[in-house]
Amino acid sequence: MPPILPHDTRTYRRFRWQARLATAVLAIPLASAVVEMIARMASDDPQTHKEGAWIFFQTGLYCIAAGLVLWTLWRRSFRARPHRLHTDQSDWAWRGVPEMDAPPREHLTLNGDGVLPPRW
């Protein structure tokens, strides 16, 4: 049975702003590295090209680490978003499975009481 869904909008907004702030902060060094890499690759010096390749490698490692951090923060924000349901709904509807409220029905073809749907 899934847990009851959260309803705290303050926590959701705090997590969302933390994720937005982290996205902006982590994008600054990435943009700086891309500008530096483009400047070094535009040069004609082979040594400068090697330095640009090293910056490219470091940027790749940074993107992997920053991606993991941002994925965690945005996932936490997504899971904390409020789910508003009507208060008259049952416990199963609050958990996301409203079909469990109704009693199980008999199979139409085995009891013979219902009208079978036309085939063609």
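The values are calculated or read from the model by the stated rules, or taken from the named source; none is laboratory data. As the structure is a prediction and not an experimental result, all values here were calculated from the model. Here the Cβ positions follow ideal geometry from the backbone for every residue, glycine too, while neighbour counts run over all protein chains shown.
What the table below lists for this structure:
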{"read-out": "Scan of segment 40-73 for residues that are more than 18 Å from the chain's Cα centre (by Cα) and touching a residue at least 12 places away in the same chain (Cβ under 8 Å), ordered by number", "value": "ARG40, GLY52, ILE55, PHE56, GLN58, THR59, TYR62"}
{"read-out": "Residue in segment 111-120 that is among the charged types (D, E, K, R) and either at pLDDT below 75 or within 30 Å of THR9 (Cβ to Cβ) (or both) present", "value": "yes"}
{"read-out": "Those residues of segment 7-28 which are without any contact (Cβ under 8 Å) to a residue 60 or more places away in the chain and surrounded by 13 or more Cβ atoms within 10 Å (Cβ to Cβ), in sequence order", "value": "ARG13, ARG14, GLN18, ALA19, ARG20, ALA22, THR23, LEU26"}
{"read-out": "All positions within segment 1-44 that are closer than 17 Å to ARG76 by Cβ, modelled with pLDDT under 95 and polar (S, T, N, Q)", "value": "THR9, THR11"}
